[in-house]
Each structure stands twice: as C-alpha cells, then as structure tokens.
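Asks: Before I ask anything, here is the structure I am working with.
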C-alpha cells in the first residue's frame, strides 16, 4: 500500500544516521524527508519512536495539534501511524486515546480526561456491531429505518457535544462491513441483512455529517477498493478488539491526516502533466500527431484517455491543470487542438510550458504564472529519472511514483490523496473558467503601456456585504486554504464562521470581484471583532484574499469599505495583527501601505506585529473598482 511513495532505501541506516547526528535542530526536517517514503508497519513504528525523541523547537517545529481518538474499539495502535502521516506534512500531533468503548462517557462527562485534554480535533470511530446486535433478522423496513435514525440522532448529539463543549472539529469514521453474508446475493433485498443495514447506516451518517458540518473519514469506501481483508483482521478483533488491522494502520493514518491537512488548507491545488507517454503514448515530436497512441481500440490508448478523463474531472472540481513537457510548444499544443481523441483541450490548461529547459525550472515558472506556491503542485511524469530529479531539486512538489503499466496511472494518482477536499463550492466548479479568464487578463496586461491602463481596462467592480448562510462553505474554505494573503493564518470551522458572521459586536465581510472577463467569485474575507482591551476599537481578526486577484487594488477597496462600516459604528480605530509565516511574506508591508501605524515601535522585523489605523483621519484610497453593495 501507499505505492505512490518512492521505496525507502537503507531506511535503518538513514534513521540511525539522523539520530546520531549532533545537529538536533535539523533532525525534524530530516525525519520529515524520510517520512516521504513507502514505509512498512515496523518502519512506521521506528520513525514514530525517533520523532518522539526529536526536540520541539518553537522555530524549527510546528505547534502540535491536539487530537482525540475516541471509539467503540481499540485505537492505541493507530497513533504512531497518525503521527508519521503528520510528519509527512510537517504536522505534529499530541494524541489522546480514549478507553475501549468509553466514547460516550468521555464526551458527555465534563470532568473526563478528554475534556481536560481540550482537543482541537475529535475523531469518532464506531462499529457496526452495536447497531446490528439490536436488529433481529426478521425486522421490517420500518423497524430498520427507525433504529438507524435513532442511532444517527445519538451520533449527532455526540458531535454537538464535541463542538459546543470542546470547541473541536469533528471527524466521523464510517463503519466497516465486517459481517458475513446470510442470504448470499439476496442480502441486498432483506431489510435487516447486515450488509444492507451497514450500507444504509453509512449513507445516513454521510447525509447527517454534510448537514452538520462534520468531516468524514471514509474507511468503508477504502475497504471496498482495497479489500476488507486488508482493513480488518478478524483474529485481531477477537484478541484485542482492533477494528482496524495493524497492517492497515499506516494507510489509516494517511487518510486521517489528509483530512486534517485539507481542513487547514494544505491540499494541493494544481495537477501538472507531462505529455509524451503520460497524456498520450509515444513521442509526438518523433511520431507526429497521427502516430501517438491515444483513443479507443488500443489498451494503452484507452489508458491514456482515462488519465485525461480523470484530469478533466479534477478540473471540474476546481483543481488547476498545467503542462510541463520537453517538447516544441507549437507541436505539443497542436495535439490538443487537432487530435480527434483528445479529451483535454488547450483551454483546460491554465499554464502550458513546453520547451527543452530543465523541468524543475519550468515548474517554478508554472507556479509563478499561476501565482501559487510550489507546494501546491503535483507533477505526474512517466520518466523515473525526471521524477527523481524533481524530488531532489524541488522536494516541496508532490511527485507520485508511477507503475510500468499505464492502466494503473489513474488509480495511483487517485489513491495518493493529494487533492483531498472538505467542501465543494460554487467557486470550485467555476475555477477552470476563472483561470481561463486570467489568461485573457494577462493578454490585456501585455497589450497596454502601464498598470494604470491595465486596471482601467479591466472594468472591475466589487460585490460585497456580510457573510451569508449560502456562502459559509466558500468563506470557510477560503479562510482555511489561503496561505499567502492571510494576515494571521487562523483557521475556523463552519460553526466558528457562522458565530463571527452573526455576532452583533463584530463585522464579517465577503468580497466578490468581477471584471469584463468574468466573475472571480468570492475572493476575500475580512472578519473584525471588538478589541479585547478597547471597546471603541475593532480588531481585524482575520483577513484573507485569493492569490488570483493580487495586484488589482482589492485590498485598498476592501479597507475603504471596512473603515466606512467602522465609522458608522462610532469606532475610533482599527487594529490588526500580522503574524508572519513561511508563506505570507508577500503581505509583510500590507498594513503600512494602507495607512496603519505600528503600535509598538520596537516590534522585531521578523516577528508578529500589531498595527493601528486612526479611522477618523483615514483618507480613502482611490481605486479602479466600483461597488455593488449587498443589502444589509
């Protein structure tokens, strides 16, 4: 399993060398690099042990996330795999593991260990056995439905308790179908047949989770794809009540941490495709358009089509597509235009880089063109030499290991989980068109003599107003996924966004930027709340903006709008924190450029800083953006 990762060579020697090194400050980075390899269960345990010995330096290591694993089964063996999967993403976890079967008591008892632990995330791991034991095989459709609804109501109560009393994000694990067939194929007809009950329980759980803003860890779906024998070892259940087999622990940890990372905006954003022997078979420069292998009637041709079809689906859900190929650009682009079997079209590709330069340099160009970080890229290339080159020169770029058989390309990329999602918004659906419109904006930029002419030619307007119930998912997603224009990098659950947007003491604005090329969608959010020390001061608790609209004066118009709203409330000043990270240096000078003054003259240049804006004496910035105000 986890075959998208390169095999670990000399794992034991590498680990021993890291632990023996006198440079303890660099140990975390070296362990994280080692985690980016395919590890077995024993190696995972050894790496977790080494991580436990790694000193936690405030500058060299991230702050740990408090995670509680609660369930109706034994979970202790999963913690090392979770920590190693976190290490792979430079996430540290402090983990509380609930006692076997005590999840109700731990959540409902305010003096329990989990309440003292104060987890930021609670995972609830349940079993189908409780539900099945309460259902005689002769139960009617109505009786089955009533019991399932009763079970879902209880689970939702536990979710609410975790969120309201602990303030935690909740992840609910789907239940495994570990029951044996009773009627054979006729099981799918009998209402109380175990497999049918479990399927309905999981379906209702997914519906309830979607309605309640709870995240799902779908191990039932993974077991369908990978086999129940991999995920569940019956002897281990009988011996120690382990629902998840020890051999599946690394995959379990990987799947769980993907969700945590996605909730924190760490999923990848862009799929970069090689062309020759990846998007199509053969070398187009040698074989010509008519000679490449692509299309129906050929196993390899259909496999390449499958990869294109999968890329198209990713594009439809909001993933950016790019091309990085050693080719003549005109020849490569002709295939997208002229080959009758191509599913991907040139308009689907947001950045098309085909030349004879080193691919690591071309990937830098793609990231710069799209205005995203290199750590947002997933590079798919059939050539193992190119893959190794990119892993060495650009370790922040995800490079899945591909099999020899092209028919397995799609499963390999899909199972890697680089594009894990926790929401699917209207903006996601429109992202491909938005990046296509960006190409037209770039053409306009190149045709004018000055930035003034460019901004004027865009004919921009901002549609703004309070955060609405309809936009909660998109606003939450934008806050949690944005890393560059993000003043504090605070992350929020949907419930926290709702609380802030409905508070009578604060303000929460959403901004949608439109221009003559199209609607960019909701691209900025600003949350303001009363300052803790001065009631006539509003603090900008969080301010984020999509990188797609950098340099278009939206930050100036947004501040104009915020100041006007503050004046209407009799606010004397706005305060704001800038908390620097490795990714938000682009806005280091944001607040002084908007007229803010430092609140502390001795603030270190590389540390957090606080800024103050005198609302009364603020002069509105002139911009090229007109306003479309939403009704209050």
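Readers should treat all values here as calculations from the given coordinates under stated rules, not as data from a laboratory. What you are looking at is a predicted structure, and each value in this text was computed from that prediction instead of being measured. Methodologically, a virtual Cβ is constructed for each residue, glycine included, from the backbone with ideal geometry; neighbour enumeration extends over all protein chains shown.
Asks: Calculate for the chain the 222 nm mean residue ellipticity that helices alone would give, adding -39,500 (n - 2.57) per DSSP H run of length 4 or more and normalising by residue count, nearest 500 deg cm²/dmol. Mind showing how you got there, number by number?
Replies: Working: 25 runs with 265 residues, N = 632.
Roughly -12500 deg cm²/dmol at 222 nm, from the helical runs in the chain.
Asks: Another question, then. Using a 10 Å cut-off around each Cβ, can you sort 238, 514, 124 from fewest to most neighbouring Cβ atoms?
Replies: 238, 514, 124
Asks: Based on the Cβ-Cβ distance of residue 442 and residue 412, what FRET efficiency does E = 1/(1 + (r/R0)^6) give at R0 = 30 Å, to the nearest 0.05?
Replies: That pair, residue 442 with residue 412, gives E of 0.35.
Asks: What do you get for Rg/Rh of segment 63-263 when both radii come from the Cα atoms and Rh is the Kirkwood radius?
Replies: Rounded to two decimals, Rg/Rh equals 0.96.
Asks: While we're looking at this one, here's another question. Restricting to the chain, what percent of DSSP beta bridges are antiparallel, rounded to 5?
Replies: Roughly 45 percent of the DSSP beta bridges within the chain come out antiparallel.
Asks: At what distance in angstrom do the alpha carbon centres of segment 458-537 and segment 339-415 lie from each other?
Replies: A separation of 33 Å, based on Cα centres.
Asks: Along the Cα-to-C-beta direction of residue 392, a point sits 7 Å from the Cα; which residues of segment 360-385 have their amide N less than 14 Å from that point?
Replies: Taking a point 7 Å out along Cα→Cβ of residue 392, the residues of segment 360-385 whose backbone N falls under 14 Å are 360, 384-385.
Asks: Which value does Rg/Rh take for segment 535-632 over its C-alpha atoms, Rh per Kirkwood? Don't jump to the answer; show the numbers that get you there.
Replies: Details: Rg = 14.0 Å, Rh = 14.6 Å.
Dividing the radius of gyration by the Kirkwood radius yields 0.96.
Asks: Which of [x] 1.25; [y] 1.03; [z] 1.59 is the computed Cα Rg over 2.2 N^0.38 Å for the structure on display?
Replies: [y]
Asks: A follow-up question, please. Exposure proxy check: 509, 11, 550, 591 ranked by fewest other beta carbons within 10 Å?
Replies: Lowest to highest Cβ neighbour count: 550, 11, 509, 591.
Asks: While we're looking at this one, here's another question. In nm, what is the difference between 0.36 nm times the number of residues separating residue 25 and residue 589 and their Cα-Cα distance? Intermediate results must be reported in sequence, preceding the final value.
Replies: On the way: separation 564, 0.36 × 564 = 203.04 nm, distance 3.00 nm.
Difference between extended and current length: 200.0 nm.
Asks: Another question about this same structure. Stokes-Einstein at 10 °C, 1.306 mPa s, Kirkwood radius from Cα pairs: D for segment 168-228 in µm² s⁻¹?
Replies: My calculation gives 127 µm²/s for D.
Asks: I've got another one for you. Can you give the three extents of the C-alpha atoms in segment 240-364 along their principal axes, from longest to shortest, in whole Å?
Replies: Projected onto its principal axes, the Cα set of segment 240-364 covers 61, 36, 26 Å.
Asks: Ranked by Cβ crowding within 10 angstrom, fewest neighbours first, how are 66, 268 ordered?
Replies: Placing the least packed residue first, the sequence is 66, 268.
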